[in-house]
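These notes concern the structure reproduced below.
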Amino acid sequence: MNPFPHLLEKCLFDTKRVECAAMIVAKSGEVTAASENFSICPEQAEVFVDAFEHVNVTRQRGLHFKNKLYTCVRADKHSIYSKCEGRGLILVRTTLFVIVATYSQNMYPSICVEAVEKLAEYLRAKDK
């Protein structure tokens, strides 16, 4: 049984501050878990994984997602935060995964970020 949908549910959706989320296997680009009605095509998953390889470009150009340009607010080797029209796209990388999360206009970005970063910390501890 795949434990990752349960992790997304308990660590992210239970906060009520994450709209949608997915987990991508960093090496293969395979989406291993995603919330209902949240699909990430293989090409988009590859863009998300590659964004961490080209952080400076990501910081300058932002990310295209669902036909919108998300302006980069923060980008480093572990986290990429971006926003568009009051909505947000959060990417956090661990050794094995890239966690993707979104928040809507009526959600607090800081709480979404905190929830995603805590899940990443948990996964990093498991990686060791």
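How many of the residues in region 29-64 are hydroxyl-bearing (S, T, Y) and farther than 18 Å from V116 by Cβ? Talk me through it step by step, then tell me what you get.
Narrowing region 29-64 to residues hydroxyl-bearing (S, T, Y): 32, 35, 39, 58.
Then keep just the ones that are farther than 18 Å from V116 by Cβ; that gives 39.
Residues flagged as hydroxyl-bearing (S, T, Y) and farther than 18 Å from V116 by Cβ within region 29-64 amount to 1.
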Practice task
Kindly check whether there is at least one residue in region 27-46 that is more than 24 Å from N2 (Cβ to Cβ), touching a Leu at 6+ places or on another chain (Cβ under 7 Å) and open to solvent by less than 20 Å² (accessible area, probe 1.4 Å).
Solution key: no
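R87: farther than 17 Å from N2 by Cβ and surrounded by fewer than 20 Cβ atoms within 10 Å (Cβ to Cβ), yes or no?
Numbers: farther than 17 Å from N2 by Cβ: yes; surrounded by fewer than 20 Cβ atoms within 10 Å (Cβ to Cβ): yes.
It is true that R87 is farther than 17 Å from N2 by Cβ and surrounded by fewer than 20 Cβ atoms within 10 Å (Cβ to Cβ).
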Problem - Where a residue in region 67-95 is touching a residue at least 60 places away in the same chain (Cβ under 8 Å) and under 25 Å from S28 (Cα atoms) and its partner, wherever it lies, is among the basic types (K, R) and assigned to a loop (DSSP other than H, G, I, E, B), with Cβ under 8 Å and at least six apart - result: R93/K77
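Of the residues that make up region 18-26, is at least one in contact with a Leu (Cβ under 8 Å, 6 or more places away or on another chain) and either part of a loop (DSSP other than H, G, I, E, B) or on the phi > 0 side of the Ramachandran plot (or both)? Give the steps one after another, and end with the answer.
Taking region 18-26 first, the residues in contact with a Leu (Cβ under 8 Å, 6 or more places away or on another chain) are 18, 21-23, 25-26.
Among the residues that remain, those that are also either part of a loop (DSSP other than H, G, I, E, B) or on the phi > 0 side of the Ramachandran plot (or both) are: 18, 26.
Within region 18-26, one or more residues are in contact with a Leu (Cβ under 8 Å, 6 or more places away or on another chain) and either part of a loop (DSSP other than H, G, I, E, B) or on the phi > 0 side of the Ramachandran plot (or both).
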Handout entry: Residue within region 80-91 that is touching a Leu at 6+ places or on another chain (Cβ under 6 Å), of a type outside the set (K, R), part of a loop (DSSP other than H, G, I, E, B) and at positive phi present
Key = no
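Among the residues that make up region 2-22, is at least one of them in contact with a strand residue (DSSP E or B) (Cβ under 6 Å, 6 or more places away or on another chain), open to solvent by 20 Å² or more (accessible area, probe 1.4 Å), more than 17 Å from V113 (Cα to Cα) and at pLDDT 95 or above? I'd like the intermediate steps shown before the answer.
Step one: filter region 2-22 for residues in contact with a strand residue (DSSP E or B) (Cβ under 6 Å, 6 or more places away or on another chain), giving 4-5, 8, 12, 18-22.
Those left that are additionally open to solvent by 20 Å² or more (accessible area, probe 1.4 Å): 4-5, 19-20.
Imposing the further condition that a residue be more than 17 Å from V113 (Cα to Cα) reduces the set to 4-5.
If we keep only those that are at pLDDT 95 or above too, we end up with none.
No, region 2-22 contains no residue that is in contact with a strand residue (DSSP E or B) (Cβ under 6 Å, 6 or more places away or on another chain), open to solvent by 20 Å² or more (accessible area, probe 1.4 Å), more than 17 Å from V113 (Cα to Cα) and at pLDDT 95 or above.
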Problem - Residue in region 59-77 that is under 20 Å from L7 (Cβ atoms), open to solvent by 40 Å² or more (accessible area, probe 1.4 Å) and not in a strand (DSSP E or B) present - result: no
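Only one of E36, E30 is in contact with a helix residue (DSSP H, G or I) (Cβ under 9 Å, 6 or more places away or on another chain), farther than 12 Å from T102 by Cβ and not aliphatic (A, V, I, L, M). Can you tell me which?
Details: E36 fails: in contact with a helix residue (DSSP H, G or I) (Cβ under 9 Å, 6 or more places away or on another chain).
Within the list E36, E30, the selection yields E30.
If the requirement is being at negative phi, touching a His at 6+ places or on another chain (Cβ under 9 Å) and at pLDDT 95 or above, which of these qualifies: F52, F48?
Details: F48 fails: touching a His at 6+ places or on another chain (Cβ under 9 Å).
None of the others qualify; the one that does is F52.
The values are calculated or read from the model by the stated rules, or taken from the named source; none is laboratory data. These numbers were taken from a predicted model, which means no experiment stands behind them. No Cβ is skipped: glycine too gets one built from the backbone with ideal geometry, and neighbour counts run over all protein chains shown. The protein model used for the area step is the full one, side chains on, heavy atoms only, and it has no ligands, DNA or RNA in it. Shrake-Rupley method; radii C 1.70, N 1.55, O 1.52, S 1.80 Å.
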